[in-house]
Amino acid sequence: MDTKLTTKPAKEGVKTMNQPVAARQSVYRVNDLNLWYGDDHALKDVNLDIKQNEVTAIIGPSGCGKSTFIKTLNRMVELVPIVRTNGVIEYHGRNIFDKDYEVEELRTSVGMVFQQPNPFPKSIYDNIAYGPRVHGVKNKKILDEIVERSLRGAAIWDEVKDRLNENAYGLSGGQQQRLCIARCLAIEPDVILMDEPTSALDPISTLKVEELVQELKKDYSIIIVTHNMQQAARVSDKTAFFLNGEVVEFDQTDRIFSNPSDKRTEDYISGRFG
Amino acid sequence: MAANRTIFGENLAVLDQKVFLLARKTMQQIATTAEALEKYDREIALKVIENDNELDALELEINDDAILLIAKQQPVATDLRRLVTAMKIATDLERIADYAGNISKAVLRVETFPYVIDISLLKEAFETLLDMTETAIVAYRDGDIEKAKALSDLDNIIDDTTYKALRQYMRHMSLQPVVVDEIMQFTNICRYIERMGDHLTNVGEHLIYMAKGKHYDLNS
């Protein structure tokens with residue numbers, strides 16, 4: 001008998017926890033994306049393929065470019081005057097940097113949730129109805145439906161249904177954040193970008209938002225930037241590890257957190273630096 | 001970038017030391033039970049049985065430490081595998097030590113000395129077993145995959161030796177049915193030694209899993 005190592009074959013029918021679904025469609029294809037703030041080279045040759053109905057987590061230490069990256073996906077980063085980019089970001093096959101690309105159209109399909117909940121100083125109802133109204137929805141009945149559907153979608157309906165006309169500032173931080181997610185859902189986006197959506201929330205609200213993310217991926221594609229590595233491990237299907245503006249590793253989350261291929265990823269996720 | 005988690009690193013090192021200690025104690029138990037058999041020394045056999053409690057307690061301590069570290073430090077990747085591996089190795093070592101105790105109990109059940117049969121093959125198997133334990137300890141200490149793989153070869157030698165011994169004793173039984181009770185003790189010892197080898201091979205598998213994050217079957 002020799003001692004040649006053979007991996008134990010997986011038993012038939014045994015599935016890993018996050019079984020990848022074969023051949024999901026790509027939402028975003030990022031090819032050789034580079035970005036500079038003046039002379040500062042913030043993103044270097046980033047290549048990522050982001051799939052539909054998946055949660056993609058972006059992790060990495062402060063200043064690694066993860067927020068810059070996510071803001072590039074809806075071209076919000078261009079609000080910084082000294083920004084320069086090259087490379088291609090295809091959103092459903094079209095390069096969002098094309099001259100004739102309508103940025104408003106992009107931002108209608110790609111909603112965003114930020115670190116600090118930022119409701120408008122209006123009623124709960126008006127927060128949600130704001131987007132649809134801007135898009136021309138005037139019918140009260142339709143607006144009512146959108147408000148209810150969005151608040152239900154963000155798992156906050158039961159908590160606010162009896163006080164829709166109260167000011168949104170009266171809600172707790174966790175509720176405000178879910179309200180912002182509901183506001184995002186009201187315009188029926190395709191992608192939701194979340195930039196550290198739970199870093200200002202208490203642990204219970206954090207878990208609620210995490211559960212919500214799991215729910216939402218049935219209908220949306222979600223890209224979430226997080227400092228909380230356990231959160232990335234809990235909620236995402238794929239994880240990209242950014243370091244100094246580069247993607248060090250991009251793989252199934254199960255693999256990243258159990259057996260990453262790059263030593264730097266291992267050091268970061270096990271808290272050895274960052 | 002500054003290195004973090006030095007305290008967690010220290011905790012892991014302490015846990016490793018406990019696993020080494022358990023491995024050393026297990027090896028000691030194997031050597032002592034072999035001595036009890038060879039010399040037919042009932043005092044030594046009793047000592048092996050008594051010592052087993054200490055090893056059981058150490059195994060529980062390793063499990064408690066590992067569970068506490070998992071709860072408090074939320075380890076991932078290699079750190080997590082290292083903790084789980086420590087627990088699994090401790091379990092295997094504890095089983096091996098149990099078998100060492102069983103062998104001493106078998107010695108206590110033997111009534112005639114000099115023995116009715118030749119135990120040279122058992123002595124040989126014990127030597128390989130001690131060699132195997134030492135190899136496992138070094139593989140763990142150095143994270144040496146080649147040594148972990150080598151455990152499988154040593155286990156094959158033990159399998160062969162114990163099988164030969166077993167055949168010899170069976171023949172003896174058929175020739176002298178009067179001493180069947182005596183010889184049964186020695187056939188049991190064969191089986192215990194063979195099982196100890198299997199558990200050490202498991203240790204090798206755990207070590208490879210810790211290093212590579214993949215499962216390998218060395219017991220085939």
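Of the GluC sites (Glu not before Pro) found in region B:84-133, those that fall in a DSSP loop while having at most 15 other beta-carbon atoms within 10 Å are B:111.
Measuring against 21 Å, Cα to Cα, the residue pairs A:51/A:238; A:263/B:88; B:47/B:88; A:44/A:218; A:140/A:218; B:25/B:88 contain A:263/B:88; B:47/B:88; A:44/A:218; A:140/A:218 as the ones spanning a longer distance.
Accessible area buried by the pairing of B and A, both sides summed with a 1.4 Å probe, works out to roughly 2000 Å². For region B:146-220, trypsin sites (Lys or Arg not before Pro) are listed when DSSP marks them as loop and at most 16 other Cβ atoms sit within 10 Å of their Cβ; the list is B:214. Note on residue A:24/residue A:152: beta-carbon distance plugged into 1/(1 + (r/R0)^6) with R0 of 25 Å gives a FRET efficiency of 0.45. Look at where the Cα atoms of region A:223-270 and of region B:1-37 average out, and the two centres are 32 Å apart. Overall, chain A carries a charge dipole of about 380 debye about its Cα centre when +1 sits on the Cβ of Lys and Arg and -1 on the Cβ of Asp and Glu, all other atoms neutral. Taken over the alpha carbons of region B:1-109 as equal point scatterers, the Debye sum produces base-10 log I(q)/I(0) values at 0.11, 0.20 Å⁻¹ of -0.42, -0.91. Name the residues of region A:49-65 whose amide N is less than 16 Å from a point 7 angstrom out from the Cα of residue A:101 along the C-beta direction? So the set is A:49-51. Here the spin labels are modelled as points 7 Å beyond Cα on the Cα-Cβ line, and at residue B:219 and residue B:191 they lie 1.6 nm apart. In this simple spin-label approximation, residue B:163 and residue A:228 carry label points 7 Å from Cα along the Cα→Cβ vector, and these lie 5.7 nm apart. Dividing the helix sum by the residues of chain A, where each DSSP H run of 4 or more adds -39500 (n - 2.57), gives a mean residue ellipticity at 222 nm of -9500 deg cm²/dmol.
DSSP bridge analysis restricted to region A:11-169 gives an antiparallel fraction near 100%, rounded to the nearest 5. When a 1.4 Å probe is rolled over the protein heavy atoms, the share of accessible surface on region A:148-242 that falls to carbon and sulfur comes to 47 percent.
When all alpha carbon pairs of region B:93-162 are counted in 10 Å bins from zero, the resulting P(r) reads 18, 42, 28, 10, 2 %. For region B:20-53, the residues whose amide N sits under 19 Å from a probe point set 7 Å from the Cα of residue B:113 along the beta carbon direction are B:29-51.
With the simple model of a label 7 Å out from the Cα in the direction of the Cβ, residue B:41 to residue B:10 spans 4.1 nm.
DSSP finds beta bridges in chain A, and of those with both partners inside it, around 60 percent are antiparallel. Excluding ligands, DNA and RNA, the accessible surface per residue across the protein assembly as shown is 48 Å² with a 1.4 Å probe.
Semi-axis lengths, largest first, of the ellipsoid equivalent to the protein assembly as shown are 64, 23, 20 Å, with √(5λ) applied to each eigenvalue of the Cα gyration tensor. Rounded to the nearest 10 degrees, the inclination of helix A:203-216 to the longest alpha-carbon principal axis of chain A is 90 degrees.
The stretch between residue B:17 and residue B:156 holds 47.1 nm of extra length on full extension. This uses 0.36 nm per residue minus the Cα-Cα distance.
How much of the calculated P(r) for region B:125-220 lies past 23 Å, in percent of all Cα pairs? Tail of P(r) above 23 Å: 34 percent of Cα pairs. The separation of region A:202-218 from region A:136-197, counted between C-alpha centres, amounts to 15 Å. Shape summary: region A:59-146 maps onto an equivalent ellipsoid whose semi-axes, from the alpha-carbon gyration tensor, are 30, 19, 11 Å in decreasing order.
The values are calculated or read from the model by the stated rules, or taken from the named source; none is laboratory data. Only a predicted model underlies this, so the values are computations on that prediction, with no experimental measurement involved. All Cβ positions, even for glycine, are placed from backbone atoms using ideal geometry, and neighbour counts span all protein chains on display. Ligands, DNA and RNA are excluded from the accessible area calculation, which covers all protein heavy atoms including side chains. Shrake-Rupley method; radii C 1.70, N 1.55, O 1.52, S 1.80 Å.
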